[in-house]
Amino acid sequence: MENFNSKEDLIEYINEKNFEDNKLYKINLVGNRHFEINTREILKLISIYNVLKIKDLTKLKYDLETIKNENTLRGLFVKEALEKLENGIATEEEIEKAIEIGLNCM
């Protein structure tokens, strides 16, 4: 398993792999992440023609319970987002994406 600090590192890693020409590939990304992953964008940016799909199975690397207890804008944001999840207003995937984008902007 590799660690990546950016989507550029991930793209470079995929492009450097030796894929067999006569096979088709699906890449599953797993582990924790601290940058946004857009699988469609990554698929367009890699130079490997026989990678058909990239699936993002990663999770946020943030400790949301600790952050939500902070007396900061960041803490309030995470607390509100998690309340929306608890109240069924949004799905886990939607909240995770919102928190990821929001925390990356702060």
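Any idea what the relative contact order of segment 64-105 is, in percent, if you count C-alpha pairs under 8 Å spaced at least 6 apart? List each step's numbers first, then the result.
Details: 26 pairs, mean separation 12.0, N = 42.
Dividing the mean separation by the residue count of segment 64-105 yields 29 percent.
With the Cα gyration tensor of segment 64-105 giving a ≥ b ≥ c as the square roots of its eigenvalues, does the rule (a/c under 1.5 for rounded; else a/b larger than b/c for prolate; else oblate) give rounded, prolate or oblate? Let's see the in-between values first.
Values: a/c = 2.34, a/b = 1.35, b/c = 1.73.
Oblate, because a/c is 1.5 or more while a/b does not exceed b/c.
With the contact rule set at Cα under 8 Å and sequence spacing of 6 or more, what percent relative contact order holds for segment 33-106? The partial results should precede the final answer.
Values: 50 pairs, mean separation 21.1, N = 74.
Across segment 33-106, relative contact order equals 29 percent.
Could you pull out the pairs from K55/K79; K7/K79; K23/K97; K17/K44 whose alpha carbons sit more than 25 Å apart here? Intermediate values should be presented prior to the final figure.
Details: K55/K79 28 Å; K7/K79 28 Å; K23/K97 33 Å; K17/K44 16 Å.
Flagged as over cut-off: K55/K79; K7/K79; K23/K97.
Can you check what the net charge comes to around H34, using other residues whose Cβ is under 15 Å from the Cβ of H34 (Lys, Arg +1; Asp, Glu -1)? Numbers along the way, then the final one.
Working: positive: K7, R33, K59, K61, R74, K97; negative: E2, E8, D9, E36, D56, D63, E96, E100.
My count for the surroundings of H34 gives -2.
Hey, in the GNM for the chain with a 10 angstrom Cα cutoff, which one of N69, N50, N22 fluctuates hardest?
N22
May I ask you to derive the relative contact order of segment 7-60, considering only C-alpha pairs under 8 Å and at least 6 residues apart, and to give it as an integer percent?
Details: 63 pairs, mean separation 26.0, N = 54.
Relative contact order comes out at 48 percent.
Volume per residue, Å³, of the convex hull around the alpha-carbon atoms of the chain? Working shown, then result.
Details: hull volume 11.6 nm³, N = 106.
Dividing the Cα hull volume of the chain by its residue count gives 109 Å³.
Across every pair of different alpha-carbon atoms, what Kirkwood hydrodynamic radius in Å does segment 7-60 reach? Show your work: numbers first, answer last.
Values: mean 1/r = 0.0860 Å⁻¹.
For segment 7-60, the Kirkwood estimate is 11.6 Å.
Taking the Cβ of L85 as the centre, find all other residues whose Cβ is under 15 Å away and add up their charges (Lys, Arg: +1; Asp, Glu: -1). Display every interim value, and only then the final one.
On the way: positive: K59, K68, K79, K84, K97; negative: E65, E80, E83, E86, E92, E93, E94, E96, E100.
Spelling it out: positives minus negatives among the neighbours equals -4.
Using a 10 angstrom cutoff on alpha carbons, build the Gaussian network for the chain and name the most mobile of N38, N18, N28.
Judging by the Gaussian network model, the answer is N18.
Roughly how many whole Å is it from the C-alpha centroid of segment 79-106 to that of segment 1-43?
25
Any read-out appearing in this document is the output of simple, stated calculations on the displayed coordinates, not a laboratory observation. Since the model is a prediction, treat every value here as computed from it, not as a measurement. Neighbour counts are summed over all protein chains in view; Cβ atoms, including those assigned to glycine, are modelled from backbone coordinates with ideal geometry.
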